[in-house]
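Right, one structure below, let's go through it.
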Amino acid sequence: MFAVRVHVHLPAYMPNAAHLAKAKIRAECAAGFRKRPAVPLLQGFARRPNSAASEDIQRKAWRSAGPTVPDQFQTIHAAQSGFAACAPIKRQNQVISDVTSDTPMRRFTRARPNALAALLLLAAAAHAQQPADVAGSFAQLGSGRLATRTISLADLGMRDPVVLHAPDARQELYLPVPAGVPLSDASLQIDGGYLRGNGGRTTLLVSLDGSPVLSRSPTQEQGDASASLGVDGAARPSGFVRVGLDWSSVLSDDVCTDQTAIGNLWRIAPTSRLTYRYDPNAIVDLRGAWSALPQKPVVMLGARTLGAPAFDAGWRVEALLQREGRAPLTRAWPAVGDTVDLSDIEVPAPLRAIPAFAALAAGGSHKLANAAEAGALVALTPRAAFAPDVIVVDDALRGTLKSTLDALREQVASAAPGAAEAFDAWRARALDAVAKPLSPGEVRVAHLGGQTAIVLGDKDAVALLARTWRPIDVASRLVVHQIDTAPNSHGDEIALSLLGGQPRTLDVQGRATWDANFDLGAASGNGKLPSTVVLDVAASPTPGNSAQTASVYFNDVLIGSQLLSADGKPQRIEARVPHYALAPNNLLRVVFQRQPEAGCQRGLSHPVAVLPSSHLTLAAAKVDDDFTGMVARFASEANVIVPASYLDDATLVLSRVARLANASGIAPTRASFTVAREGEAVSPKGAFLAADVALADEKSVARLSKDRLSLTDASGKMLADVSGLNRVGVIEAVRSGNVSGIAYRTVGDTAAILPASLRLSRGDLAIVDASGTLRQFDTRHPGEVVDASDVHGPWFMQGWVRWGVPAALVALLLVLLLIANVARRRHQDKS
């Protein structure tokens, strides 16, 4: 019988050639066994690097272990391994064979000692060998730690499968990655399946950044079309990996055959995902830090109770994140008494000599017992417990950080006096960006524990992170002295290239799509909203002069379609934007479709260009007392009002305020912010969004009393009177005196968690909960017919035609009567 216990002590960081470290693989006998003399199996060493050759381990020792060691395991700065055999202890009246006898294990260790050592070292070589002392651990704390990201199609809002139909279909996906940062271990997993019910020849093709990387020709009636692909780790300045998906189905090579095949398709599941790692230290500016944010970024606050400036900055930055499809998580800075999840924590062995680090090393669920433990948690930054992506700094946070790090330093100085200086150096390097006071309007990039974070403290700093100004965020620290939050709205036209719609040429065989995605705040201001989409396009002719159409969609509402003149000359398409189609985040989509060529011809791709002169026109918005009318008012001014109780529970209500602002169409960088005193009715001065605030001289159709909700129409007729509601909210367009705004009120004892899908599209009252909008009412318009007065129909249906033509006929009749009267008088005079 043979027993051995192997302990491998590994650090939490990757190799660093600038520091010499040691790794020891020790064998220790289990209870009831005695230790045999250790047998050294493999020793490698390296001096402090002063040349390229001195950085590598002695290769001949590796080669003696058997197969060639992979390159990623061939740079280990000092390694030592040994194998200790453990023999059973001989007890009285018992004779047990020693492991020195010719047992299979003994034969294995005698024949292949180096092979066993190589296996042990290969397990250890993925990490750097940790420093032997506390000072060295602080010198290396957080260095070489890679961040891992997984982005699925569902994370990007694509919750339904992407289906490519026969005969030919193409889809491009843009998966976000940190802009300008090299990737490592990047892979693309495509989940999905195919159907081939119509037979024929089918082909699927996958391209990465325009280069084909995978092609398959399925032959079964149905099957799995999943694939795992490696992705080039080169830095991408655009911040996206472009994935091209092509599907082709050919029923027959006879060109006159009808190729319609509804049973041949390729389905890509929403679980398809891109996984990669990157070095956070490679992020050197704010633009890169923003692009590297995960889909669920952590917004870290100083405490659960905030002052007004920190709360103001917090809801604005969360609103920006939500507008770009992210789902921020609000957390408070760790404090004594908090229970944290340490399931993924890694504590370097030397640091375990310090009580605070030793307490955290046990892992699992842990309650922070003192300030030093809270400081140790900040130092280690385990992702599950403490991993801030955006830090809203205030005096309370800086005070908490200082007290916890001071307490940790006392323990370090007590346990390892020589490491205090190394601790101070790490503290300045990793946390000065958070600990030092911010100037008004300042925003910084911080690197703490291998984690990149954006640090800000007021609303002016948030304005610099908006999409309009983000391209200039090319420094790790910027200070806003003055900034225009609506630079595009001073005129009556905005180029679509400023709203994400880059001019380009599309190859159209059957169908092609061009789009622009922008938030309403970038295309509104000074009381103006998008009014008309103006597209300048040019389409090339085809041999068969086949017809080509362009259909314009605004948030999936068809607002215009036109038959193009395929002569290669520029032509203009104008489509009016109805006010009910506007949303906080808008998608303008143009679909080009070309009819198949006549006769027995295979269709070829022909170019269509969207020209740089394409633009969006702005016009003064129509103002009504409903949700769409409030969007128009908020384009000029908006005041977000919250009660003082919201500041006492910021971690729970911050995302609620951000959701309400986005659903109402308020640009987070342009709104003002007010905190209402408890029990005091507020009299707003301009268009407002009030959350759980009493309003002076309020005119409303909803009445609330704890869990009871009463609704009436504009005439006072009761629509509903219900009690027992909970986890529900009511959003209503109201008036306070002569000022219009939107009011949100919680129904029941527990507030609703507002979802990302919350939208206020029409009407003047909505009942919402965690699933979205439960019921929407238009109490001012019975029948709830959407007001389409800003939509122009055919010319004979235009308003001016309907009153102008009769007026012209009446005028003509009067002129004829006048002429007849004059002629009659002349005739009488002559007679």
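Being in the same structural domain as ALA353 (by TED's automatic domain parsing) and small (Gly, Ala, Ser) is the requirement here; does ALA486 meet it?
no
Show me the strands (runs of 3 or more DSSP E) entirely contained within the stretch 728-831 in which 1 or more residues are modelled with pLDDT of 75 or more and more than 27 Å from SER683 (Cα to Cα).
765-769, 772-777
Taking the residues in the stretch 660-673 that are surrounded by fewer than 24 Cβ atoms within 10 Å (Cβ to Cβ) and out of contact with any helix residue (DSSP H, G or I) (no Cβ under 6 Å at 6 or more places or on another chain) as candidates, determine which candidate is nearest to ALA687 (Cα to Cα).
Only one residue tops the list, namely SER672.
If you scan the stretch 293-309, which residues turn out to be within 21 Å of ALA756 (Cα to Cα) and not in a strand (DSSP E or B)?
LEU293, PRO294, GLN295, LYS296, PRO297
Across the stretch 441-483, what is the number of residues that are part of a loop (DSSP other than H, G, I, E, B), charged (D, E, K, R) and out of contact with any Phe, Trp or Tyr (no Cβ under 9 Å at 6 or more places or on another chain)? Write out each step before concluding.
First pass over the stretch 441-483, keeping only residues part of a loop (DSSP other than H, G, I, E, B): 441, 449-450, 457-458, 464-469, 473-476, 480-483.
Going one step further and asking which of them are charged (D, E, K, R), we end up with 458, 467, 473.
If we keep only those that are out of contact with any Phe, Trp or Tyr (no Cβ under 9 Å at 6 or more places or on another chain) too, we end up with 458.
Count: 1.
Criterion first (touching a residue at least 12 places away in the same chain (Cβ under 8 Å) and over 24 Å from ALA635 (Cβ atoms)) does ARG703 satisfy it? Before you say what the answer is, go through the steps one by one.
Details: touching a residue at least 12 places away in the same chain (Cβ under 8 Å): no; over 24 Å from ALA635 (Cβ atoms): yes.
In short, no.
Any idea how many residues of the stretch 206-232 are part of a strand (DSSP E or B) and crowded, with 17+ Cβ neighbours inside 10 Å?
Going through the stretch 206-232 one residue at a time, the tally reaches 4.
Scan the stretch 543-596 for residues that are among the polar types (S, T, N, Q) and closer than 26 Å to ARG467 by Cα and jot them down. Steps first, answer last, please.
So in the stretch 543-596, the residues among the polar types (S, T, N, Q) come out as 545-546, 548-549, 551, 555, 561-562, 565, 571, 585-586, 593, 595.
Hits for the stretch 543-596 are ASN555, ASN585, ASN586.
With respect to PRO668, is the statement that it is touching a residue at least 60 places away in the same chain (Cβ under 8 Å), on the phi < 0 side of the Ramachandran plot and outside any helix (DSSP H, G or I) true?
yes
Could you say which residue among GLY418, GLY449 is modelled with pLDDT under 90, out of contact with any Cys (no Cβ under 6 Å at 6 or more places or on another chain) and within 19 Å of ALA289 (Cβ to Cβ)?
Unique residue meeting the criteria: GLY449.
Go over the candidates ALA522, ALA512, ALA516, ALA495 one by one and state the one that is among the small types (Gly, Ala, Ser), under 28 Å from the mean Cα position of the chain (by Cα) and within 12 Å of SER613 (Cα to Cα).
Within the list ALA522, ALA512, ALA516, ALA495, the selection yields ALA495.
Got a sec? Which of THR219, THR275, THR260 is among the polar types (S, T, N, Q) and under 30 Å from the mean Cα position of the chain (by Cα)?
THR275
Tell me yes or no: at least one residue of the stretch 705-727 is outside the structural domain of ALA313 (by TED's automatic domain parsing), surrounded by fewer than 21 Cβ atoms within 10 Å (Cβ to Cβ), closer than 22 Å to ARG759 by Cα and in contact with a helix residue (DSSP H, G or I) (Cβ under 9 Å, 6 or more places away or on another chain).
For the stretch 705-727, residues outside the structural domain of ALA313 (by TED's automatic domain parsing), surrounded by fewer than 21 Cβ atoms within 10 Å (Cβ to Cβ), closer than 22 Å to ARG759 by Cα and in contact with a helix residue (DSSP H, G or I) (Cβ under 9 Å, 6 or more places away or on another chain): absent.
Would you check which residues across the stretch 145-166 are over 17 Å from ALA292 (Cβ atoms) and among the charged types (D, E, K, R) and list them?
ARG159, ASP160, listed by residue number.
Has the stretch 365-378 got any residue that is touching an Asp or Glu at 6+ places or on another chain (Cβ under 8 Å) and among the polar types (S, T, N, Q)?
The answer is yes, given that some residue of the stretch 365-378 is touching an Asp or Glu at 6+ places or on another chain (Cβ under 8 Å) and among the polar types (S, T, N, Q).
Quick one: what pairs do we get from the stretch 736-754, first residue closer than 12 Å to ASP707 by Cβ, second of a type in the set (Lys, Arg) and surrounded by fewer than 18 Cβ atoms within 10 Å (Cβ to Cβ), C-beta under 8 Å, 6+ apart or different chains?
Short answer, once both residue conditions are applied: GLY748/LYS706; GLY748/ARG727; ASP749/LYS706; THR750/ARG727.
Residues that are surrounded by 17 or more Cβ atoms within 10 Å (Cβ to Cβ) and in contact (Cβ under 8 Å) with a residue 24 or more places away in the chain: which strands (runs of 3 or more DSSP E) entirely in the stretch 314-383 hold 2 or more of them?
329-332
Does GLY599 satisfy the condition of being at pLDDT 85 or above, of a type in the set (Gly, Ala, Ser), outside any strand (DSSP E or B) and over 32 Å from the mean Cα position of the chain (by Cα)?
It is false that GLY599 is at pLDDT 85 or above, of a type in the set (Gly, Ala, Ser), outside any strand (DSSP E or B) and over 32 Å from the mean Cα position of the chain (by Cα).
Determine which single condition ARG504 fails, assuming it passes every other condition in (1) under 30 Å from GLY527 (Cα atoms); (2) charged (D, E, K, R); (3) out of contact with any Lys or Arg (no Cβ under 8 Å at 6 or more places or on another chain).
(1)
Does VAL434 satisfy being surrounded by fewer than 23 Cβ atoms within 10 Å (Cβ to Cβ), touching a residue at least 40 places away in the same chain (Cβ under 8 Å) and in the same structural domain as ARG331 (by TED's automatic domain parsing)?
Judged against the criteria, VAL434 is a match.
Just to be sure before I move on: is VAL590 over 27 Å from GLU680 (Cα atoms), under 29 Å from the mean Cα position of the chain (by Cα), surrounded by 17 or more Cβ atoms within 10 Å (Cβ to Cβ) and among the aliphatic types (A, V, I, L, M) in the structure I sent?
yes
Hey, VAL693 hits all of (1) crowded, with 17+ Cβ neighbours inside 10 Å; (2) of a type outside the set (Lys, Arg); (3) not in a loop (DSSP other than H, G, I, E, B) but one; which does it fall short on?
(3)
State yes or no: is ARG477 over 24 Å from ILE494 (Cβ atoms), over 21 Å from the mean Cα position of the chain (by Cα) and of a type in the set (Lys, Arg)?
Values: over 24 Å from ILE494 (Cβ atoms): yes; over 21 Å from the mean Cα position of the chain (by Cα): yes; of a type in the set (Lys, Arg): yes.
Taking the combined requirement at face value, the residue satisfies it.
Within the stretch 254-299, restricting attention to residues that are buried (at least 17 other Cβ atoms within 10 Å of the Cβ) and more than 27 Å from TYR174 (Cα to Cα), which residue is modelled with the lowest pLDDT?
Looking at the filtered set, the residue picked out is GLN259.
Please verify whether LEU251 is in the same structural domain as MET158 (by TED's automatic domain parsing) and modelled with pLDDT of 90 or more, treating the condition exactly as stated.
no
The values are calculated or read from the model by the stated rules, or taken from the named source; none is laboratory data. Worth saying up front: this structure is predicted, and the values here are computed from it rather than measured. Note that each Cβ is placed from the backbone with ideal geometry, even for glycine, and that neighbours are counted across all protein chains shown.
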